[in-house]
Structure formats: structure tokens, C-alpha cells
Amino acid sequence: MNVAQTPKPAISWPALLVGLGLTLPLLGILLSGLFHDPHDLGNPLEDETAPRFTLPRLDGQGTLSLEQLRGKPTIINFWATWCQSCPLEHPVLEQAAREFGDQVQFVGIAYEDKSERLSAWLQRANRGRPSAYPTLIDVGGKVAVAYGVYGVPETYFVDAQGTVKHKKTGPFLPSADPTADGRLELRRILGEML
Amino acid sequence: MTRPDEQAETLPWAGAPVASQEQFLSPEADHPNQGKPAQGKGKLFVAVALIVAAASLTWLVVGGVEQNLVYYLTPSELTAKGDDAIGANVRLGGMVAKDSIRWRPEETELKFKVKDHGAEIEVHASSIPPEMFREGIGVIVEGSIGSDGIFQTRRLMVRHSNEYKAPGDQETVDLDYMSQTLEDNGT
Amino acid sequence: MNSALGQGLILLSLATATVGCILGFAAGRSGSAAGLRWTRWLAGTYATSLILANLVMEYALLTHDFTVKYVDMVGSTSSPTYITIVSLWSSLEGSILFWGMILAIYIWGFLATTRQGHERMTPYTLATVLAVGTFFSFLIAGPADPFSAVQPRPDSMHTGPNPLLQNHWLMIIHPPALYLGYVGMTIPFGMGVSALLRGELGASWMALTRSWMLVPFGFLTAGVVLGGWWAYEVLGWGGYWAWDPVENASFLPWLTAAAFLHAAMLEERRGLLKAWTVVLLLVTFALTILGTFMTRSGVFNSVHSFTQSAIGPTFLVFLAVILVISVLLVGLRMHLLSDEGSLGSPLSRDAAFIVNNLLFAGFTFVVLVGTVFPLLAEAVRDIKLSVGAPFFNQLSVPIGLTIVFLMGVGPALPWGRTSGKEAASLLWVPLTTSLILGALALALGMRQLWPVVTLIVSLFAALVALRDMVTPVSALMRRRGLPPLAAASLAFRRGRRRYGGQIVHIGVALVVVSIAVSSSYQVIEEGMVPKGQSLTIADYELRFEESRSFREPHRDVLEAQFTVLQNGREVGSLGPRLNRYSGQMNPIGTPAVLSTARQDLYLSLMSVAKDGQAAGLRAFINPMVSWLWVGATVMVLGVLIAAWPRRRQKPATKAAA
């Protein structure tokens, strides 16, 4: 075959332009996709007043209502014992609650669950230590419905005035990768709220 | 494999696979690589044809996409759109409102309301409620809203699964609880 | 121990790939024979170390060595052995390691086929393949490390791989088929890059590239269809293809690979489309990387994506590098690959092939735009939407049917040029036969336009393919006086590629017809069926007998038993199920299917009343679906025949001739 070694320093501009014209927009679109979660259906509550609730505490010490927590930013975590990623998320929340406990209030709301099973689960997860924040029992799932919980875990960030500022769908998971580390993400959101 | 007498015969497709029939039938056919040059004119023709084809395809694709979009909306967003939303393909995501489910098994007719904190929309479906369907559950219904304000849906999905799991981490199977929910939530 | 050994092997693979890549490019430039020898040696070592790393992982899985991170993630002492073996590809980290092993096998194969000759082309090819290998070894060594030593979790946490993957045996073979297709595209990519860098594209290199494309193409065909089959058998919505992003991701490189296989023939026979042929190699590979990104990044909303992971950005960077380098290579080197021949008349096989390539390219564009459009809308207008299946169907039906029509026209016409009269004489028999059969179908009650058109076009293409297979046999019988079987065997041995190709075409015709019929003539009925009563669909009666719930190792099952009566006669019983997996609220249905050659009766259980006295059932009649799987098998068989290596001719017999 004839080896075309002719010194023709030709650049095929049409090929170059068409090629870049097709690939660069594609790359741009894919890049933008990384900043959106397709499973996130939006949070209709954002910047709205958080739905009120008064729920019994798991530890039996009466009830707790959102009004009682006004004045401090409140982090509400919906979870359940049957949820797969909750055991991994729990230590992250525990640690954050111990660290930021005097500035913010963490509340766990157990969704579709039973108190005996919740107590046993927490006992095991905390290795016998007392929980760093209270867990409430959402009888009939009414509070979860009011907040628009799609699945567990979901975490709502309510500011001191009782306005929903942020919602996290899915768990805060620890990871060695800083871009995926839920601990850092939680810290960042807390930082924005304080 | 090949016997000498077969080798001696020089059928042009022996060794050069996928030959045309003509060559097969007449071994002495011209070598195909002998098209007559029609270069300049041909190239221009090809270029113009390509541009026309690419342009018309792009036009078709863009037009086609615009017509077949399915929007994800919440009840408030759908209500806010007012008349603009009539007939558009929508995936409506919200909660099944309390005391709104009317299910008539004989006609396979299901009516309920989907709400978020701001709005409530009447939804009609001619399908069996899925296993987990009940008040207060998150649903996505696909269909469109009519001028009567009723959302007719072809597809009803319950959206209440715990789908945000990290790969590979399963908690121990909690059979008691699961079998219980299987019993509790039958419609 | 396993952990350290595995990590060592991965580091060795990373080192050999990096050095081999650099050395390969240097050897390609200098043409040094020693450089090539070393590159081949490094490539071989790279492949061996990856295969060994996979064996170490399998050993760790089988011996339940939970100190290895991946085993701790997916292992379980209670899983059956075959599940333990296949859990290698059940999760992200393992599947990337497995990916490395497949690449290693392909590299071994490539080294074997290039032991002699191609000295100018192999260094660049190996360098490119090893560049890709460097990336994957980097992933395995860092971001997706399966080997790191961990403190085992308590044994109760070891529940085995994602239960959804254990739901059906198709999920065990579907991923490897797809990976074999995806990863295999790396070799032709390297060969294309080499052709551009060298600025030459000889006949024997082209032939070798085509063979290396055929192998992954066959696997990709199988992978795409198995994906559809899995969706059909497991997801329970009554169909097999929903234009879901992940399905599209596997279909895109299939389209461009098919385009390449045709363009390569035009290049070979007529010296045309050299640059375009090489571009298709690059695009196909880029689309496999795009497909991996789509499945693994969690950017797309899909029923098939089980995992979301943090390696999305890494993959995007890799895709960007591949695309930009490819575009630059083409832009700067394309002029070296100028065409030698010229285009034949509009009535020729050349023209049919060119139009076919344009249509394949158009098809790719349509699917790509439809798939990424939701991302675009979200980025630009900040709204959430999806592109409905009608969009894909509207455009893919006409494009696909034109391709099938050309599949008949192309092989019927000669290369170069034909007179109108000659073309007519070649086309009229299959054309009129298929039209007559189409009219017959119309008379028998097929009333919808598109299925009838599809039937006619596919029959036409299949008839041409059959004629193309019979003609050489009858010619040999006539001219050499051979008995039919001997003539057929000789014709087959000598024209294996022709036979392979035409068998693929017949498979395509079968697939296309069954898609058209099954999607146009689907019947759906649904209702609550009280115990002892029936739901009627077409000539079937489905009597609800009882429901029962029981426990399987990873799931709770609720099953409803239906007796199937056809025209009042009992023909079987079906038990569609609802399965609830550990930790998941939503039950997942497993449909029950009664398959016959004519149609599938497909039952999806929607719900069971609390007292078990009624079952909510959705029933489908999907005509001709079995033929889709048959047609796909025929296609894979055809590819296998075309790709089967030719027996080397011995120099002695050559001299005798």
C-alpha cells in the first residue's frame, strides 16, 4: 500500500470543528449532570415553615414538639430499623450531635417502626452508650407524610425560626473520598446554618 | 483441508470473502476497484447531501424531543401552570391525600388525590392499586391533566422504597417485620 | 495475605501498563524491533498480573476471607457457591477488576494473532491499549480498590451480593456478555489510533481490525439482548425495551460497531471511506466509556443502575481525554488516509453501504440526543423531565426499517455500478415475493401499517440473504458437478464471512419482525380476580386458585397461583409473585410467563387482598416474543461464524498453487 508520507501538514478543519462541536457540548452536559441527583425530586418545603409535630419520645420521657426546639437550628433525621444504610449513617449523626450538640438540636424520627425494635437497634448501634440525641416515634407515619418523606433515611435542616432550609435525600455515609464523604457534607451544611 | 486441485482453481472469492454474486458466477469479472472518476462533482454532491441529511435529521430530532417530553412536577407546580399544563405529559409526584382513595374493584377504577403542602390534584386511574398503595404514601403518576382538572394516569408507581443504599451493605434480613408489612398493607 | 498479594499484582499491572504504554509509543515512532519486543513483553506481563489478581480475588471470595474489602462487602458464608463466584462482578469494585481480566484476555489474544507481521502497527496499538489499561489499573489501585485490608464487619452483616442480582440467572450472564462486548472495543480502538498515527491503513491490517471488532460485536449483541430479556423476565411491566438510559448506553456502541463492519467492507473492496472507517472505531470505543459512565455515575435515572458511586468524575475525565485526543488525531492525521477508489453509481452496493452508514450514524445521534436531553434541560432550564419512548419510536422505526430494506438491497447489487435493468432483474424476485407475502398477511388480518411494512421489508432482506447463500452452492453444483451437501460445505468453507454476514441478516430480520409484532399486537387486561373466578384475556381464562406466602433465603415471597385455560382446556398453571427483599419497602414483582412459538402469556401480580380472597392481576399477551430471542441467537451465531479464525494456509500448498 502506498504510505502517504507526503509532507502535507494539512489539518482537516471540518473534521476538527464537527468533532469538537459534537464532543464538547456532550462533555459539558455530562459534567452538569454530575451536579444534579436524578433521584432528587425537589423539596417543596424549602424556605417554607416546617410542619409542626408533637411526638412521643422513644425513651418514654413524655413528648417532644418542634415548638420546644425553636431558637436553635434543628436537624430532623427520618430513619427506620429496616433501612439498610441507616446503620452506616447512624455513627455520623451521633458524632455530629456530640460535637455540635450545644449549637444545634438533632432529632431522630423513627418511621414505620416499633418501639421495642427501635430500642434494641439503638442499644446495639450505640454499643450500650446513651444516644446523643432523642428519637421520636411517628405513629402512623403522619409527620413523615407532612414532610414529604419519600424514603428513609432523609434529613431535614430547620433553622432557629422554624423554616426548612435544606433536605438531604439518602444517608450521610462516611467515605475516604472527600468529594463523597457524608461527614464533610454534614459539616458543611451545619456550617451554613450557624 | 484444501486439496491441491481446489487451490488451482482461482475463484476470486477464495481468500477475499464476501464477494458479489456476479464475481462468483463469472470468475473473469473485472476487479471491482475500477470505478470511473467522477471526483469533483461527486464530492460536492456528497457534501451537499450530507449537510441536507444532517440538517433535516437535527430538525426532526429537536422537533421530536420537544413533543415527547415528560415533565416531573409536584402538585403545586402543576397547579401553578394552570391551563398551560392541559394535555402535557407529566410525571406528578406527591402524597396520596388522606381519605381520598376510592377503589372500585369491579370496574378496576381507582380515584384518589395527590397532594403536596400547597395543592391537591384529583387523579383517576384505571388500574389496580399496587401492593403498597395507601394513604400518605409517596406516589408518582404519569399522565396528563384535562380541562376538568382531573389527572388521568396510565401509570401509577409507589415511590416509597429505600433506594438510597450504598452498594453491598445489607442489614440482616428482618423477616418478622417484613412478613408483617406484607400482611398489613394488602389493599 | 490475599489483600497484599492482590494489591501487589495490581501495582505490577499499573507499572507494566505505564511503562509499556510509553515504550510502545516510542517504539512506534522509532520503529525499533527491540522496543516492540519489550512492549509485547510488558503487555503480556500486564495481562498476566491482572488475571492473577482476579484469581486471587476469586480465591478470597471462595474462602470467605473477609479481611479483603470486597469480600467483606459482597461475601456471605450462606450464599451458594455459584453466587459466590459470580459476586466478582456484582458490585462496582469487583466489576472493574473483572473488566481488567477481560482486557487481559483480549490482550493475550491480540499478542497471539500478531506474533508475526504488522510490526509497524502493533507498537502504537499496544501503547494505546495499555494507556486504557493504565486507567483501569489506576481505578483498581485507587478509587475503586477491592483489595484493601479491612477489619471484617460482624458476620451478621455479610449477607451476600445485592439480592436483586440474585433474582434471576440472566443477571449472572448478562453483565459478563456486556463487559466482553464493551472491553473488547479497546483493541480495535488501539488499532484505529495506530492507523491514524502511522497514516496508513493496509488491507491486512484492516482485515485484522475487522476480526477484532467482530468478536466484541458478537458479545455486545448478546449483552444488549440479554439485558432486554432480563427486563422482560424480571421487571414485570410486560416489555423488554423501554429506551432506558442504561439500555441506550449498550445500544449506542452496537450501532457504531455495526456501521464499522459495513464501512470496513466498502474500504476493503473499493478503497473508500478510509478515514470514516477509522473514526467509527474511535467513536465506538468512546461510546463504551460513555456507557460505563452512564451506568456507574448515577447521573442518569434508570431502572438498571443499582449503584451510585464516586467514580463518576474520574470516568468523565477519562472520557474527555479519549474524546479530545480522538478528535485531534482525526483532525490532524485524517488527510493521510485518503480514499483510493471512487464511488460507484447510486445503484450499487457501494451506495447502499454509504446510505446504511449514514443511517447508522443518524440512529446513533437520535438515541444519544434522546438519552442526554434530560441532563441538558436540567442544566439549561433547571427543570426535571424525561424523553418519552414515543420520541425514540417515532424516529427509530423509519430509520431502522430503511436499514433493513438496504440490508436487502446492498447484498443484491454488485459493487461499482449497475444498469437499472440489471438492478431490476436482481431485485424483482425477492421484492415481489415479499410484497405478495405482505399482501397475504394483510388478507389474514394484519391491519396496522407499520407491522405490515416491517414484515415486507424484513422478508425482502431475508430472501436476499437466503438467495445469497444458495447461489454459490448451486453454482458449484452446476460447474463442478458436486452433490448438494459437498457443494454446500465447500461454499461455506470458502465464503465463511459471506455466510456469517447473511446469517446475521436473517437474525436481524427475525428480531425486527418480532419487535414490530409484539409491540403492535400486545393485549393487556387487568382486574381484581376473586378466588375461584377468572380473568379472561383473548382465548385464555386465568383462574385464581390461591395465594401463599413463604420465605426464601433473601426474600419474602407472596405468590398467587393461576390455572390457565385456553378455549376451556387446561394448559398449565402460572404463579406470578411479589418479592420483598431485605430492607426494601417496595415489593418487586416477578412475572410468570407461558411461552409458545406464537405468543407469550405474561402475568404480573399487582396485589393480593388482605384476606387472600382476591388477587390483582395484570395480564399481557405478547405475540412472537420468543422469536426475538431466537433471532438474536441466530445473529450471535452468524457473528461467530464470520469471526471464526481462518485456518492458516500452509506455505507448501500455496506454492503448489
Inset, instruction - Place +1 on the Cβ of every Lys and Arg and -1 on the Cβ of every Asp and Glu in the protein assembly as shown, take the dipole about the Cα centre, and give the residue among C:GLY199, C:SER514, C:MET635 whose Cα lies farthest towards its positive end. - result: C:GLY199
Inset, instruction - Only Lys, Arg, Asp and Glu count, each charged at its Cβ (+1, +1, -1, -1), so figure out the dipole size of the range C:34-190 about its Cα centre, rounded to 20 debye. - result: 540
Inset, instruction - Could you compute the FRET efficiency for C:GLU525 and C:ASN393, with r as their C-beta to C-beta distance and R0 at 25 Å, rounded to 0.05? - result: 0.60
Inset, instruction - Take peptides C:351-362, C:411-422, A:119-130 and line them up by average Cβ neighbours within 10 Å, highest first, as a rough protection proxy. - result: C:351-362, C:411-422, A:119-130
Inset, instruction - Considering the options C:GLY445, C:VAL504, C:LEU482, tell which one lies farthest towards the positive end of the dipole of the range C:400-518, charges being +1 on Lys and Arg and -1 on Asp and Glu at the Cβ, about the Cα centre. - result: C:LEU482
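Cα-Cα over 20 Å: which of A:LYS142/B:LYS98; A:LYS114/B:LYS111; A:LYS114/A:LYS165; A:LYS167/C:LYS384; A:LYS142/A:LYS167? Provide the component values of the computation, followed by the final result.
Working: A:LYS142/B:LYS98 10 Å; A:LYS114/B:LYS111 31 Å; A:LYS114/A:LYS165 29 Å; A:LYS167/C:LYS384 18 Å; A:LYS142/A:LYS167 18 Å.
Where the Cα-Cα span goes over 20 Å, the pairs concerned are A:LYS114/B:LYS111; A:LYS114/A:LYS165.
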Inset, instruction - Count, for each residue of C:327-333, the Cβ atoms from other chains sitting within 10 Å of its Cβ, then give me the mean as a whole number. - result: 6
Inset, instruction - Give me the accessible area buried between chains C and B, both sides summed, with a 1.4 Å probe, in Å² rounded to the nearest 100. - result: 7300
Inset, instruction - Could you check how much of the accessible area of the range C:341-453 is carbon and sulfur, as a whole percent, using a 1.4 Å probe? - result: 75
Inset, instruction - Considering Cα pairs under 8 angstrom that are at least six residues apart, work out the relative contact order of chain C and quote it in whole percent. - result: 10
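What whole-number value in Å² describes the accessible area per residue of the range B:71-161 for a 1.4 Å probe? Let's see the in-between values first.
On the way: 3910 Å² over 91 residues.
Using a 1.4 Å probe on heavy atoms only, each residue of the range B:71-161 averages 43 Å².
Give the accessible surface of the range C:488-537 per residue, rounded to a whole number of Å², with probe radius 1.4 Å and ligands, DNA and RNA excluded.
Values: 1850 Å² over 50 residues.
Accessible surface, normalised per residue, equals 37 Å².
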Legend entry - Alpha-carbon Rg with Dmax, taken over the range B:71-161, Å: 12.0, 35
Inset, instruction - Over both sides of the C-A contact, add up the buried accessible area with a 1.4 Å probe and give it to the nearest 100 Å². - result: 3300
Inset, instruction - Compute for chains B and A the buried accessible surface, both sides summed, probe 1.4 Å, and express it in Å² to the nearest 100. - result: 2500
Legend entry - C:LYS69 accessible area, 1.4 Å probe, all protein chains in place, Å² to nearest 10: 60
Inset, instruction - Note down the accessible area of C:THR633, probe 1.4 Å, to the nearest 10 Å². - result: 90
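Once you order the gyration tensor axes a ≥ b ≥ c over the Cα atoms, which shape class does chain C get: rounded for a/c under 1.5, otherwise prolate or oblate by comparing a/b with b/c?
Numbers: a/c = 1.88, a/b = 1.10, b/c = 1.71.
Oblate, because a/c is 1.5 or more while a/b does not exceed b/c.
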Legend entry - Whole-percent carbon and sulfur share, accessible surface of the range C:118-264, 1.4 Å: 69
Inset, instruction - Would you calculate the separation in nanometres between label points at C:LEU437 and C:SER32, each defined as 7 Å from the Cα along the Cα-to-beta-carbon direction? - result: 6.1
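How many Å² of accessible area per residue for the range A:54-193, probe 1.4 Å?
With all protein chains present, the range A:54-193 gives 41 Å² per residue.
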Inset, instruction - Treat each spin label as a single point 7 Å out from the Cα along the C-beta direction, and report the B:ASP99 to B:PHE45 distance in nm. - result: 7.7
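Work out the mean other chain Cβ neighbour count within 10 Å for the residues of B:116-128 and drop it here as an integer. Don't skip to the end; give the middle numbers.
Details: counts 4, 9, 3, 1, 0, 0, 0, 0, 0, 0, 1, 5, 12.
Averaged over the peptide's residues, the number is 3.
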Inset, instruction - Determine how large the accessible area of C:ASP611 is when every protein chain is in place; take a 1.4 Å probe and give Å² rounded to the nearest 10. - result: 110
Legend entry - At least 50 Å² accessible surface lost relative to isolated chain, residues of the range C:600-619 (1.4 Å probe): C:MET606, C:LYS610
Inset, instruction - In vacuum, with every alpha carbon of the range C:165-399 counted as one equal point scatterer, what does the Debye formula give for log10 I(q)/I(0) at q = 0.14, 0.17 Å⁻¹? Two decimals, please. - result: -0.95, -1.30
Inset, instruction - For a quick protection proxy, order the peptides A:88-101, C:394-407 by their average other-Cβ count within 10 Å, most packed first. - result: C:394-407, A:88-101
Inset, instruction - Mind listing, in residue-number order, the residues in the range C:489-537 that have at least 40 Å² less accessible area with every protein chain present than in their own chain alone (1.4 Å probe)? - result: C:ARG493, C:ARG494, C:ARG497, C:ARG498, C:GLU526, C:MET528
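Which whole-number percent gives the relative contact order of the range C:406-545, counting Cα pairs below 8 Å spaced six or more residues apart? Don't jump to the answer; show the numbers that get you there.
Values: 114 pairs, mean separation 29.8, N = 140.
Relative contact order, the range C:406-545: 21 percent.
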Inset, instruction - Have a look at the range B:42-72 and report residues whose accessible surface goes down by 40 Å² or more when the remaining protein chains are included, against the chain on its own, probe 1.4 Å, ligands and DNA/RNA excluded. - result: B:LEU57, B:VAL61, B:VAL65, B:ASN68, B:LEU69, B:VAL70, B:TYR71, B:TYR72
Legend entry - Apportionment of accessible area to carbon and sulfur, the range B:73-137, percent (1.4 Å): 44
Legend entry - Most positive-pole-ward Cα, C:THR596, C:LEU375, C:ASN579, against dipole of the protein assembly as shown from beta carbon charges: C:THR596
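The values are calculated or read from the model by the stated rules, or taken from the named source; none is laboratory data. In this text the structure is predicted, and so the values were computed from the model without any measurement. In this analysis, Cβ positions are derived from the backbone assuming ideal geometry, glycine residues included, and neighbour counts consider all displayed protein chains. Accessible surface is based on the protein model in full, side chains and every heavy atom, while ligands, DNA and RNA are left aside. Shrake-Rupley method; radii C 1.70, N 1.55, O 1.52, S 1.80 Å.
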